[in-house]
Every structure is written in structure tokens, then in C-alpha cells.
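Some notes on the structure that comes next.
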Amino acid sequence: MISYAHEGNGVPVVCLHGWPGAASDYRALLPLLERDAQVVVPELLGFGASYRPSDVDRPATDFGHDAQAAAVIELMDHLGFDDAVLVGYDVGSTTAAHLARTRPERVRALVLGNAIHPGSAAASLDDDHRAEFWYQDFHQLALASRLVDGSAPAVRTYLEHFWSHWGHRAIASVTDELVEAYARPGAFTTSLNWYRSGSATLATALAMRGQEPPAPVAVPTTVLWGDQDPLFPPRLAEGLERAFTDLRGVHHLEDVGHFVPLEAANEVAAAVRALL
């Protein structure tokens, strides 16, 4: 079972991190919610304390959205949760939305950072925006592992690029703890399996070409969109109302970047409380 932290009492709230992140993405949110809810912050499959050296030999599909969603359900079952409010951004928002679409009876509500949906996925292929997703192509290459895996200096340099480019507020920065987690031999390579499994934005966009969009998510959903996120700029929020049919609000945060739970913890906490 995946590793997790568990604090507080009340309605279960499960917080799902992104890449290149970990459970520490929620370090600012946890103390704001633990008086109002049972807050559970797992490390997703292959990340942080959930990573095992044997993960390197497993197929990439063992770390895609189906597997991550199944791991979250297993954790909820272990904790005795019939359902939960799911909070997520990046990998976490994709996993949370996938769970809400496929297992809606287990999801009380969603609070999502800049959310991948059919509209935003399609926009990732636009000529004027495609270059922002270069890393998802790079992550398909064995070269990515050879250059970065197992080297703390290389991991720090690589992660700092994303945290400095995608983040906006000063709090969004790489920590020694995060570098240590990704620098263990095999850990960086295992984290790339999210992309190699076909679960990330570009793969989703390519798979949707010429296809009907997936069924919309019907559970109550609030989206907090960091408008300073260069990866998911404000225009990529267009179409959210078609992807989430019980949309309680889309809140554009003008001075927030990609790492919404860390950069806008107070706003995320307020959105969660409104759905408890």
C-alpha cells in the first residue's frame, strides 16, 4: 500500500500531489484543514516514501492513472472511508478526475488546481504552446534517466527548472527533502512512468484526436486556476463546464502559478471547507 500521512478528524479529504512533487506539496495546506477534516496526504505509486527499488523493473502502466486511482481506493478502503473529498493538481488532478469519472460513488467532491480536461489537453498541441510540453517528449527517452537518475546535483538542477519556471510565489521552490526523494537510484526513472504510461497531457491529447471526449465528471467540483502558470495559462480553462457538469466555481488566482496547493493554501482550504 502507498505511504501516507493522516491528520485530523471529520470528513475525509485526500490530497494528491503532482510531478515533480511529493506529499510535501501539501505542507502549507495540512495545518489549515486538520481541525475541519481528516486530511490524508499519500505519496502516489513510485513517488517519495511509496517508491521501492523493485519499481524500476515494473512496466510503466503500473504507474498510470488507472493504477494510481486503484492505489487511492485501496488506501481509502484501508482507512474505512466510504468516500472522500479529493484535492489535486497536476498528476493529482488527473488522478482525482479519473477516479470521479470511474468511481463517482467514492468521491464526495473535487477541488482541483489547473485541471487537465479535454479542452486543455487539446490546447497543449497548439503551435504556439506545444513547446511548453517538451519535457513530456523527453521523458519518453532512456536518455532522461541516463542524464538525471541517481545524481543529486542533476536531480536538483532538473527539478529547479520546473519549480522556478512553473511556480510564481517564492514558496514554490525545491527543497532538500524533495531532491533526496528523487535522487535515490531508480526513483527519478520510476517517476517518469506517469508519462510513459500514456496518462499525461500530450498522450491524452493525441489519444483524443478524432475521438469522442470522455464522459464528463458529475461530482461537485471547484477549480482554482493559477493564472501565472505558463504550462496551463488562463485560456486553457476554457471548456471546464463541459468536462465537469457540477462545476461549483472556477476561481482564477492572478498571482499564483502551477503549484496551487502550496502557493494558494488558504484559497484551497476555503474551497475544501465549502464542499465538506
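Calculated mean residue ellipticity at 222 nm for the chain: -10500 deg cm²/dmol, from DSSP H runs with n ≥ 4 weighted as -39500 (n - 2.57), summed, divided by the residue count and rounded to 500.
Across all Cα pairs in the range 4-126, the calculated P(r) in 5 Å bins from zero up to the longest distance comes to 2, 11, 21, 24, 20, 12, 6, 2, 0 percent per bin. Taking the chain as a Gaussian network of alpha-carbon nodes connected by springs under 10 Å, the highest mean-square fluctuation of the residues 178, 147, 253 belongs to 147.
Surface composition of the chain: carbon plus sulfur atoms hold 51% of the accessible area, using a 1.4 angstrom probe and ignoring ligands, DNA and RNA. Per residue, the chain exposes 40 Å² of accessible surface when a 1.4 Å probe is rolled over the protein heavy atoms with every protein chain present.
Considering only 11, 40, 87, the Gaussian network model of the chain with Cα springs below 10 Å gives its largest mean-square fluctuation to 11.
Note on percent of Cα pairs over 35 Å apart: of the candidates (i) 8; (ii) 12; (iii) 19, the value calculated from this structure sits at (i).
The values are calculated or read from the model by the stated rules, or taken from the named source; none is laboratory data. This is a predicted model, so every value here is computed, not measured. These accessible areas exclude ligands, DNA and RNA; they are computed on the full protein's heavy atoms, side chains included. Shrake-Rupley method; radii C 1.70, N 1.55, O 1.52, S 1.80 Å.
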